[in-house]
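J.: One structure is given below, represented as structure tokens, and several questions about it will come after.
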């Protein structure tokens, strides 16, 4: 018994710089691929962090839900979709998997849809820059319960000590009248090493003792293009087992894990593996990791 990925969706649209629109399109795509109706989504979780125009209220999950066309019926007996934001930086998607697993294993909902996406609050760019190192995009994971052996194991989390390593904030002292379009991102000189340290700890906790790492593919956060391979080296996982998202525009941040999984499934590059090790690491520094048994895997 567990929770598995029924379908995925991504959006790296060139006609919008909106994280809401990208996440909404990814959500729609995931439903279409699975043949699931909008009214079959019981819970909708948004793990994105960087918001259009630095929106504070309402919950961005509600805006994305509307963009996706989910739960827009208002008659007395119409189905309801409960949505909320779950923001924990780069680890947000795996935290959402934790929540979704609790919901789905109790039968409280038939499907949980997790979306993630970021973009510069000015909505004027799609590619990462030195001052804002995140690409504009969206992704979705449609999760459902299974009685089979496939699905997510336990999510393991690690919190590092000291300063956050990465910080993002709106500088209220200088924002003036244009603060809704500004965001300051600061990364400490050793931020990548510190993220790698907590990522290794979380990943090792998620790997069962004496695991056959040759059967495990690795999907990790991408604070830099080389980060997943550095993590693979530390874990003894072959470089050829690393799967990444499209990084042409930079780091997809919260959407990195689902985008990498979607890309690997579409390309058929998970054939021959029994499991995927998902590892997320970001500001805190903090990390989360979980082993995912692929559908149809032997053993």
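The values are calculated or read from the model by the stated rules, or taken from the named source; none is laboratory data. Worth saying up front: this structure is predicted, and the values here are computed from it rather than measured. We place every Cβ from the backbone using ideal geometry, glycine too, and count neighbours over all the protein chains shown.
J.: Looking only at the range 44-60, decide whether some residue is touching a helix residue (DSSP H, G or I) at 6+ places or on another chain (Cβ under 9 Å) and closer than 18 Å to residue 145 by Cα.
T.: Looking through the range 44-60, at least one residue is touching a helix residue (DSSP H, G or I) at 6+ places or on another chain (Cβ under 9 Å) and closer than 18 Å to residue 145 by Cα.
J.: Would you please list the contacts, defined by Cβ atoms under 7 Å and residues six or more apart or on different chains, that run from a residue in the range 91-106 that is in contact (Cβ under 8 Å) with a residue 60 or more places away in the chain to a residue that is crowded, with 21+ Cβ neighbours inside 10 Å and assigned to a helix (DSSP H, G or I)?
T.: Sorted first by the residue in the range 91-106, then by its partner, the pairs are 92/254; 93/254; 93/257; 93/258.
J.: To continue, here is another question. Of the numbered conditions (1) assigned to a helix (DSSP H, G or I); (2) surrounded by 15 or more Cβ atoms within 10 Å (Cβ to Cβ); (3) modelled with pLDDT under 95, residue 39 fails exactly one; give the number of that condition.
T.: Of everything listed in (1) assigned to a helix (DSSP H, G or I); (2) surrounded by 15 or more Cβ atoms within 10 Å (Cβ to Cβ); (3) modelled with pLDDT under 95, residue 39 misses just condition (2).
J.: Still on this structure: Across the range 17-36, what is the number of residues that are without any contact (Cβ under 8 Å) to a residue 40 or more places away in the chain and not in a helix (DSSP H, G or I)?
T.: Residues in the range 17-36 being without any contact (Cβ under 8 Å) to a residue 40 or more places away in the chain and not in a helix (DSSP H, G or I): 1 in total.
J.: Moving on. Read through the list (1) surrounded by fewer than 22 Cβ atoms within 10 Å (Cβ to Cβ); (2) modelled with pLDDT of 95 or more; (3) in a helix (DSSP H, G or I), then give the number of the only condition that residue 214 fails.
T.: Failed condition: (2).
J.: A further question on this structure: All but one of (1) surrounded by fewer than 22 Cβ atoms within 10 Å (Cβ to Cβ); (2) over 12 Å from the mean Cα position of the chain (by Cα) hold for residue 119; which doesn't?
T.: (1)
J.: Every residue in the range 225-270 that is within 16 Å of the chain's Cα centre (by Cα) and in a loop (DSSP other than H, G, I, E, B), please.
T.: 243, 244, 245, 246, 247, 250, 252, listed by residue number.
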